[in-house]
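K.L.:
Supplied in structure tokens, the structure appears directly below.
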Amino acid sequence: MADEADGPRSKRSRAKIVYETLRDDIKSGRYKAGQRIREEEIAARLGVSRTPVREALSRLQHHGLLESAPEGLAVTELSRNQVLELYAMREMLEGAAARFAAQHASTYDVDDLRRLAASFEAAKGDPDRLAAINIAFHRAIYEAAHNRYLLRTLDELHDALALLQTTTFTVDGRYDGSVAEHGRIIAAIAGRDADTAEREARDHIRHALDARLDLIRKGG
């Protein structure tokens, strides 16, 4: 059924699906940094009209995943300074999430963090699986914070992180460091120690940035 024949809610839903598909395509590397994004090609591939594609592309541009190019829109290429800015915001927000989690997490929330940390530890040697579990671990901290506005902001930040198409778990020592860092964050949250939880979370993101910069220096 053509998009134009659907109601407003259906159109918004379809635009959201297109947005999430393209965001995931960028994250997976289907679309590389600097690659031109063509509206008509996406519409044909996803089997939708150009209206929801146009809306999705506008949202992707608003969130910084696409940028203007000579012939339209292209996947954003982050400079080193942009990476630093992104991680500076991430450090601050993740620290706040851990602080709130220490104050508000339920027993179930803490158990979920421990389960994910165990899954992460068991995935040693599989960088892609480590990256996926790590995202789930951080999302669990956001959920444990029980602050809808912080969660919404962090979700938008993670959309921008989709531009970083390589995982830092290919960097020597990052797996071992993350296992220890996750453990300290969980201990602080479980112990209701908000100051330590925030400090450990911020340290964790600083170490992740160090690994990211190492990848950048190596051309990754």
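K.L.:
With the requirement that a residue be among the basic types (Lys, Arg) and over 22 Å from residue 191 (Cα atoms), what does the stretch 108-141 give you?
P.N.:
Start the filter on the stretch 108-141 by keeping residues that are among the basic types (Lys, Arg), which leaves 114-115, 124, 129, 139.
Those that are among the basic types (Lys, Arg) and over 22 Å from residue 191 (Cα atoms): 124, 129.
K.L.:
Let me ask something else. Only one of (1) part of a helix (DSSP H, G or I); (2) touching a Leu at 6+ places or on another chain (Cβ under 9 Å); (3) open to solvent by 20 Å² or more (accessible area, probe 1.4 Å) fails for residue 179. Which number is that?
P.N.:
(2)
K.L.:
Pick from 121, 143: which is open to solvent by 50 Å² or more (accessible area, probe 1.4 Å), assigned to a helix (DSSP H, G or I) and touching an Asp or Glu at 6+ places or on another chain (Cβ under 9 Å)?
P.N.:
143 is the lone residue from the list that is open to solvent by 50 Å² or more (accessible area, probe 1.4 Å), assigned to a helix (DSSP H, G or I) and touching an Asp or Glu at 6+ places or on another chain (Cβ under 9 Å).
K.L.:
May I pose another question? If I ask for residues that are modelled with pLDDT of 95 or more and either assigned to a loop (DSSP other than H, G, I, E, B) or crowded, with 20+ Cβ neighbours inside 10 Å (or both), which ones from the stretch 146-167 would you list?
P.N.:
Result: 146, 147.
K.L.:
Among the residues in the stretch 106-116, are any in contact (Cβ under 8 Å) with a residue 24 or more places away in the chain, farther than 21 Å from residue 150 by Cβ and open to solvent by 80 Å² or more (accessible area, probe 1.4 Å)?
P.N.:
Yes.
K.L.:
Please list, ordered by first then second residue, the pairs with beta carbon atoms under 7 Å, 6 or more apart or interchain, first in the stretch 199-220 and more than 20 Å from residue 95 (Cα to Cα), second open to solvent by 60 Å² or more (accessible area, probe 1.4 Å) and of a type outside the set (Ser, Thr, Tyr).
P.N.:
From the stretch 199-220, the pairs are 216/80.
K.L.:
Of the residues 33, 74, 96, only one is assigned to a helix (DSSP H, G or I) and either open to solvent by 90 Å² or more (accessible area, probe 1.4 Å) or among the hydrophobic types (A, V, I, L, M, F, W, C) (or both); which?
P.N.:
Working: 33 fails: assigned to a helix (DSSP H, G or I); 74 fails: assigned to a helix (DSSP H, G or I).
Going through 33, 74, 96 in turn, just one is assigned to a helix (DSSP H, G or I) and either open to solvent by 90 Å² or more (accessible area, probe 1.4 Å) or among the hydrophobic types (A, V, I, L, M, F, W, C) (or both): 96.
K.L.:
Looking only at residues that are assigned to a helix (DSSP H, G or I) and open to solvent by 40 Å² or more (accessible area, probe 1.4 Å) in the stretch 204-220, which one is farthest from residue 141 (Cα to Cα)?
P.N.:
To start, the set of residues in the stretch 204-220 that are assigned to a helix (DSSP H, G or I) comprises 204-217.
Filter again for open to solvent by 40 Å² or more (accessible area, probe 1.4 Å), leaving 206-207, 210, 216-217.
Details: 206: 17, 207: 18, 210: 22, 216: 27, 217: 30 Å.
The qualifying residue farthest from residue 141 (Cα to Cα) is 217.
K.L.:
Based on this model, can you work out whether residue 87 counts as closer than 30 Å to residue 199 by Cα, at pLDDT 95 or above and loosely packed, with under 14 Cβ neighbours inside 10 Å?
P.N.:
No; evaluated as a whole, the condition is false for this residue.
K.L.:
Taking the stretch 160-192, which residues are in contact (Cβ under 8 Å) with a residue 60 or more places away in the chain and within 24 Å of residue 214 (Cβ to Cβ)? Working first, answer last.
P.N.:
Filtering the stretch 160-192 for residues in contact (Cβ under 8 Å) with a residue 60 or more places away in the chain gives 160-165, 179, 182-183, 185-186, 188-192.
Hits for the stretch 160-192 are 160, 161, 162, 163, 164, 165, 179, 182, 183, 185.
K.L.:
Which condition breaks for residue 72 when tested against (1) touching an Asp or Glu at 6+ places or on another chain (Cβ under 9 Å); (2) small (Gly, Ala, Ser); (3) modelled with pLDDT of 90 or more?
P.N.:
It fails just one condition, (3).
K.L.:
Does residue 199 count as in contact with a helix residue (DSSP H, G or I) (Cβ under 6 Å, 6 or more places away or on another chain) and of a type in the set (D, E, K, R)? Explain how you work it out, then say what you get.
P.N.:
Working: in contact with a helix residue (DSSP H, G or I) (Cβ under 6 Å, 6 or more places away or on another chain): no; of a type in the set (D, E, K, R): yes.
Against the criterion (in contact with a helix residue (DSSP H, G or I) (Cβ under 6 Å, 6 or more places away or on another chain) and of a type in the set (D, E, K, R)), residue 199 does not qualify.
K.L.:
A further question follows. Go through (1) assigned to a helix (DSSP H, G or I); (2) farther than 28 Å from residue 167 by Cα for residue 48 and report which single condition fails.
P.N.:
Result: residue 48 passes all but (1).
K.L.:
Being touching a strand residue (DSSP E or B) at 6+ places or on another chain (Cβ under 7 Å) and open to solvent by 30 Å² or more (accessible area, probe 1.4 Å) narrows it down to one of 41, 67, so name that one. Show your work before the answer.
P.N.:
Working: 41 fails: touching a strand residue (DSSP E or B) at 6+ places or on another chain (Cβ under 7 Å).
None of the others qualify; the one that does is 67.
The values are calculated or read from the model by the stated rules, or taken from the named source; none is laboratory data. All values derive from a computational prediction rather than experimental measurement. Ideal geometry is used to build each Cβ from the backbone, glycine not excepted, and the neighbour counts take in all protein chains shown. Surface accessibility is based on the protein's heavy atoms, side chains included, excluding ligands, DNA and RNA. Shrake-Rupley method; radii C 1.70, N 1.55, O 1.52, S 1.80 Å.
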